[in-house]
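Only one structure is covered here, and it is reproduced in the block below.
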Amino acid sequence: MNLTSARMLICGGETLAGAALAEEANRRGLDAATLAAADTSNWADPDAIEAAFAGQDPEVVFVAAGESGGIALNRAHPARLLESNLRVVLNVLGTAARRRVPRLVYLASSCCYPRDAAQPLCVESLMTGPFEPTNAAYSAAKLAGLMTCEAVRTEHGLAWFAAIPATLFGPEDHFDPDHAHVASGLLVRMHEAKQRNIPAVAVWGTGRPRRDFLFSRDLADALFFLAEKYDAAKGPINVGPDTDLSIAEVAQAVKKVVGYEGQLEFDVSKPDGTPLKRLDAGPLRAMGWQPKTDFAAGLRETYAAFCKLKR
């Protein structure tokens with residue numbers, strides 16, 4: 001599909017991924033409208049969603065919607081996260097199905113994989129074991145979205161599929177500590193510690209778990225690439241960088257970028273989460289897509305955006 005002439009709708013324009021998609025669409029001069037949680041009572045207002053779809057009559061929909069966060073938020077509010085993301089599945093994907101939107105890309109989550117799946121994570125491992133307990137409710141809702149794409153493609157013959165991104169970070173983040181994932185959360189806390197001369201910053205867990213990190217603008221580039229070229233009949237596809245870092249390595253990288261001179265204290269009373277999450281991005285590489293931004297460079301851009309926001 002040629003996106004240069006396609007009408008597009010980005011659902012979740014307030015999220016990190018959605019904002020990155022909207023900015024990339026604007027840079028490319030594409031016809032892309034956005035729809036945010038605030039426009040739809042957190043995706044609970046089907047009439048508002050229907051009106052947005054009717055107004056744009058999209059040929060391609062990107063679904064980057066639904067509340068998300070790190071381990072702390074998942075442990076404190078599993079029901080809220082479940083409800084928010086199931087509303088997206090029922091109301092956004094439901095509206096798109098009724099309107100027979102030809103092409104839809106749903107952003108799932110690496111949390112959809114079983115905790116103990118073989119590494120790197122391949123889509124064949126989906127639904128072969130239990131979720132990581134610290135985010136099981138959120139994971140179930142995201143998996144429901146992935147399965148909805150499979151079901152709609154089977155029943156209606158529409159070119160819908162799920163993309164599963166690595167852990168995101170980037171300058172489009174809101175830097176909200178309650179919703180921050182690890183890199184952004186550490187960045188915010190070390191910046192505040194630097195400003196207030198706090199001698200130490202706590203890091204949850206042992207620092208040993210490893211994650212792969214994807215810059216938000218690389219994700220947007222990959223999603224437009226997939227929307228144009230991917231055969232949806234192949235099912236879900238991973239979007240990742242082929243490298244991983246330990247949480248301790250991430251914390252040290254953030255410390256360097258922020259210029260924080262205090263100590264890092266690993267709080268082993270807090271959960272680590274899944275020991276290792278690294279996506280198998282081989283199918284995407286075989287199509288010819290590569291990320292453009294390494295972790296350090298992306299982190300510097302992210303911190304610059306944060307500092308500009310704080311002025």
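A short reminder: the numbers here are calculations on the coordinates, not readings from a lab. Source: prediction; values computed, not measured. Virtual Cβ from ideal backbone geometry, glycine too; neighbours counted across all protein chains shown.
Conditions (1) touching a His at 6+ places or on another chain (Cβ under 8 Å); (2) surrounded by fewer than 21 Cβ atoms within 10 Å (Cβ to Cβ); (3) assigned to a helix (DSSP H, G or I), marked per residue:
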site: GLU23; (1), (2), (3): no, yes, yes
site: ILE49; (1), (2), (3): no, no, yes
site: PHE62; (1), (2), (3): no, no, no
site: ALA65; (1), (2), (3): no, no, no
site: LEU73; (1), (2), (3): yes, no, yes
site: SER84; (1), (2), (3): no, yes, yes
site: VAL92; (1), (2), (3): no, no, yes
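Here ALA108 does not fit the description of being among the aliphatic types (A, V, I, L, M) and either over 16 Å from the mean Cα position of the chain (by Cα) or over 19 Å from ALA163 (Cβ atoms) (or both).
Conditions (1) more than 30 Å from ALA51 (Cα to Cα); (2) without any contact (Cβ under 8 Å) to a residue 60 or more places away in the chain, marked per residue:
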position: ASN74; (1), (2): yes, no
position: VAL89; (1), (2): no, yes
position: VAL105; (1), (2): no, no
position: TYR113; (1), (2): yes, no
position: LEU121; (1), (2): yes, no
position: SER125; (1), (2): yes, yes
position: PRO130; (1), (2): yes, yes
position: ALA140; (1), (2): no, yes
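Within the range 1-36, the residues that satisfy the criterion of being touching a Leu at 6+ places or on another chain (Cβ under 8 Å) and either of a type in the set (Ser, Thr, Tyr) or free of Cβ contacts under 8 Å to residues at least 12 places away in the same chain (or both) are THR4, THR34.
Among the residues examined, ALA79 does not qualify as in a helix (DSSP H, G or I), surrounded by fewer than 23 Cβ atoms within 10 Å (Cβ to Cβ), among the aliphatic types (A, V, I, L, M) and touching an Asp or Glu at 6+ places or on another chain (Cβ under 8 Å). Only one of these is within 30 Å of GLU155 (Cβ to Cβ) and among the basic types (Lys, Arg): LYS255, LYS229, LYS270. Name it. When all the criteria are applied, what remains is LYS229. Could you tell me which residue of the range 2-59 is nearest to GLY298 (Cα to Cα), considering only residues that are under 23 Å from the mean Cα position of the chain (by Cα) and of a type in the set (Ser, Thr, Tyr)? This residue is THR15.
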